[in-house]
Amino acid sequence: MNMVSEIASSPGARGASDPAVRMEDVNKWYGSFHALKNVNLTVGRGERIVICGPSGSGKSTMIRCINQLETIHSGRIVVDGHNLTAGGKNVDLIRQETGMVFQQFNLFPHMTVLENCTLAPMKVRGITKAEAEETAMKFLRRVRIPEQAAKYPAQLSGGQQQRVAIARALCMNPKIMLFDEPTSALDPEMVKEVLDTMVDLANEGMTMLCVTHEMGFARSVADRVVFMDRGEILEVATPDTFFSAPQHERTRFFLGQIS
Amino acid sequence: MIRVFGWNEFLVIVMAAQWTIALSAIAFAGGSIGGLLVALMRVADIRAFRLFATGFIRVFQGTPLLMQLFLVFFGMNIRLCDQSLDRRDDSARASRQRLSRRDLARLHRGRAERAGRGRDGAWPALLSFHAPRDPAPSKPHRGRADRRLPGPADKGHVARVDHRLHRTDPARADHQQCDVQPISRLRHGGCYLFPLVLAVVAGRTSHGNPFFPRNGTLTGPTGGRAGM
Amino acid sequence: MYEFNFTPVLASFDQLLVGAWLTVRLSCAAMLIGLVVSIACAWGKTSGPKILRTVIDGYIEIIRNTPFLVQIFFIFFGMPSLGLRLSPNSAALLALVVNFGAYGTEIIRAGIESIHKGQVEAGWALGLSRAQIFRYVIMKPALRTVYPALTSQFIYLMLNTSVVSVISADDLAAAGNDLQSASFASFEVYIAVTLIYLALSVGFSVLFYAVEKMAFKYPLSR
């Protein structure tokens, strides 16, 4: 059941052979609620993982642990060779290496699209404004909204805002992208434009972890699909196997519910 | 000798605190009732009511309570002095009659000259605080430091004359004058209470700043309504 | 019937204007310094260590539960016994800053707490530091949210400056007091002074409105 990577690498040593993310026996509680139960998952470089499961199953919590928006209570998370559980500087480092896209976009309302995209590169990476703007425009073109650069988030549609959020994350040149239900807050007609952007990103070889209910996206893009329920990873499989021959009773029930 | 702060002094402060509580309670109660009325006017359909309420709130929120207190205090005292003078009208008239025209003229000239202007030029500065009850144009301006008045007139005489004026002139509206008047404690309290109540009314009526209602526009009667 | 006589007021109107100018300067200085104090305390209160929070809580409670008059007396007459001797105007400024700091802290804290948690998380996710998130992500929307409350507190501060005349600072109210004791036209003097205060508060309101238009141009969603 646990798909711990076969790749043998000494913990701490970093190299190209390191997986992008490795979670070992991760546990987390909210009070007495056991949110994550012995989660083990290894994500290789360039791998596209889709995480699905019923609501409250711990999907979001799991990917939020990867950039330490949530702290874990036991176990170990190693991201890009940096041991997160060691805390301290590694956390800052990991946050710079991972981009995150939220369900509610979380764009900064008081900044223009361009300013949203240039803030972190300038303040965290310390690059000049001109450089940052150049990078930002490059990514805004890639998400196909360069013409909105001078607008404020409130002037954009939900789909546009989410694409800006993707561009903003990309401006930090992350090695891993985390998507936390990026299309759940969107009107149906805007889902496609965001998914298209994500597909483009996937085709360019970005390591991605997506929590999503878009099974079409999972089928066409994912290398592996992870099914979670009640804080546990129940099943990890390729999309073909996952959709055609789910192993677990609860997976079958879940797939029956959403299709 | 410096008074030592002891148990008695502490008790005095505690007793004074009762007044604080009483004032607060009355202002709160009065303010609640008045505030409700003004609030109703503030949202009334009649434009005049809304304008009045807006103006009321603006004035009381836009001026310090201290100034409101002073205004009520001095404004009220003018009335109080008048009343008490009316009661003493006879004696006032009597003492005024005792002053000869000559005395008053002297007094006046001395003052005009002190002002460094000719008598006519100084006249505006001598305009009475009150409408003169005495038709004679010789009634002096308020008794400002009159005892120190230099002038061609006999100083002692002027001082005496002026002192009499001071005692009886209705123009004496300042609080020094009123100190000698019997003002009941309640009335005195009213001086403080009145603006307090009004301020509370204004404060309760407009939730927050009347100039900045939530819609962010300067208050017109309608803009203000939206802000309430 | 009472006859108004504004002649002495008009004759010494320049005195009142000098006082008003000090009131304006005092208010502006207290506002700016007080705003900095408030922001610092609000930060301490929302994300500082426990001990700092307790200290700030104490400060706020003490200031908000005592009259300004008592505070200014304490600073002007009480502090010298602790070795801090201030001129009336400096004591007035200090008292106003300390007073505004307490109220402003609570207002700004409310603004900070109104910021959606997702904004902070987005900041974390981008690798911004705690201070950077506060400065670039939280501050401006928080100030915008509480701007109306903040401006009315500012106006209140300006009106509160009238109390500093009790320690012989030379503000507008003090100028009024001087004038009335020289002219005895108490009622007229205080009417004039009150009208000047009203004009100042309207003027400040207009100024704040202009600042709002300039500083918070960004549109709000929905």
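The values are calculated or read from the model by the stated rules, or taken from the named source; none is laboratory data. Worth saying up front: this structure is predicted, and the values here are computed from it rather than measured. Heads up, the Cβs are rebuilt from the backbone with ideal geometry, glycines too, and the neighbour counts pull from every protein chain shown. Accessible surface is based on the protein model in full, side chains and every heavy atom, while ligands, DNA and RNA are left aside. Shrake-Rupley method; radii C 1.70, N 1.55, O 1.52, S 1.80 Å.
Surface composition of the stretch C:11-215: carbon plus sulfur atoms hold 70% of the accessible area, using a 1.4 angstrom probe and ignoring ligands, DNA and RNA. For the pair the stretch A:14-73 and the stretch C:115-159, the centres of their Cα atoms are 32 angstrom apart. Largest GNM mean-square fluctuation among A:MET172, A:MET62, A:MET111, using chain A with Cα springs under 10 Å: A:MET111.
The translational diffusion coefficient of the stretch C:29-86, from Stokes-Einstein at 4 °C and 1.567 mPa s with a Kirkwood hydrodynamic radius over alpha carbon pairs, comes to 100 µm²/s.
For the stretch C:1-65, the extents of the C-alpha atoms along the principal axes are 62, 27, 12 Å, listed from largest to smallest. Comparing mean-square fluctuations of A:ARG125, A:ARG168, A:ARG22 from a GNM of chain A with C-alpha springs under 10 Å, the top value falls on A:ARG125. If R0 equals 41 Å, the separation of the Cβ atoms of A:ASN173 and C:LEU220 corresponds to a calculated FRET efficiency of about 0.85.
Taking the Cα atoms of the stretch C:114-222, the ratio Rg/Rh between the radius of gyration and the Kirkwood radius comes to 1.23. Checking buried surface per residue: for the stretch A:94-136, which residues lose a minimum of 50 Å² accessible area in the protein assembly relative to the chain alone (1.4 Å probe)? Residues losing area: A:ARG95, A:ASN106, A:PHE108, A:PRO109, A:HIS110, A:LYS123. Considering only protein heavy atoms and a probe of 1.4 Å, how much of the accessible area of chain A is carbon and sulfur, as a whole percent? Here it works out to 49 percent. Rounded, prolate or oblate: which fits the stretch A:81-212 when a ≥ b ≥ c are the square roots of the eigenvalues of the alpha-carbon gyration tensor, with rounded for a/c under 1.5 and prolate only if a/b beats b/c? Oblate is the answer for the stretch A:81-212, as a/c is 1.5 or above yet b/c matches or exceeds a/b.
Kindly flag which residue pairs out of A:LYS28/A:LYS192; C:LYS45/C:LYS217; A:LYS28/A:LYS59 have an alpha-carbon separation exceeding 24 Å in this structure. From A:LYS28/A:LYS192; C:LYS45/C:LYS217; A:LYS28/A:LYS59, over 24 Å: A:LYS28/A:LYS192; C:LYS45/C:LYS217.
For the stretch C:50-65, backbone nitrogen atoms closer than 14 Å to the point 7 Å from B:THR20 Cα along Cα-to-C-beta are found at C:62-65. Note on the stretch C:51-98 and the stretch C:165-222: Cα centroid distance 23 Å, given to the nearest whole angstrom. Counted over chain C with a bin width of 10 Å, the fraction of Cα pairs per bin, in whole percents, is 8, 27, 29, 20, 10, 4, 1, 0. Across A:LEU234, A:LEU209, A:LEU156, mean-square fluctuation computed from a Gaussian network of chain A (C-alpha pairs under 10 Å connected) peaks at A:LEU156.
Take the alpha carbon gyration tensor of chain A, find the square roots of its eigenvalues, order them as a ≥ b ≥ c, and report rounded if a/c is under 1.5; if not, report prolate when a/b exceeds b/c, else oblate. Cα axes put chain A in the oblate bin. Cross-link partners of C:LYS213 among lysines, defined as those whose alpha carbon lies under 22 angstrom from its own and excluding same-chain residues fewer than eight positions apart: A:LYS151, C:LYS140. For the stretch C:102-131, a reduction of at least 40 Å² in accessible area between the chain on its own and the assembled protein chains (probe 1.4 Å) is found at C:GLN119, C:GLU121, C:ALA122, C:TRP124, C:ALA125, C:LEU126, C:GLY127, C:LEU128.
A 1.4 Å probe run over chain A, with the rest of the protein chains in place, finds 41 Å² accessible per residue. Annotation for A:GLN247 and C:PHE77: the two label points, set 7 Å from Cα along the Cα-Cβ direction, are 8.3 nm apart. Interface size, chains B and C: roughly 2900 Å² of accessible area buried, both sides included, 1.4 Å probe, rounded to the nearest 100.
Distance from the C-alpha centroid of the stretch B:29-76 to that of the stretch A:150-168: 47 Å, rounded to the whole angstrom.
With all protein chains kept in place, the per residue accessible area of chain C amounts to 45 square angstrom at a probe of 1.4 angstrom. The mean sequence separation of alpha-carbon pairs under 8 Å and at least six residues apart, normalised by the residue count of the stretch C:11-215, gives a relative contact order of 30 percent. For the pair C:SER87 and C:ALA210, a Förster radius of 45 Å applied to the C-beta separation gives a FRET efficiency near 0.85, rounded to the nearest 0.05. Buried surface for the C/A pair, taken as the accessible area of each chain alone minus that of the pair with a 1.4 Å probe, is close to 2000 Å² in total.
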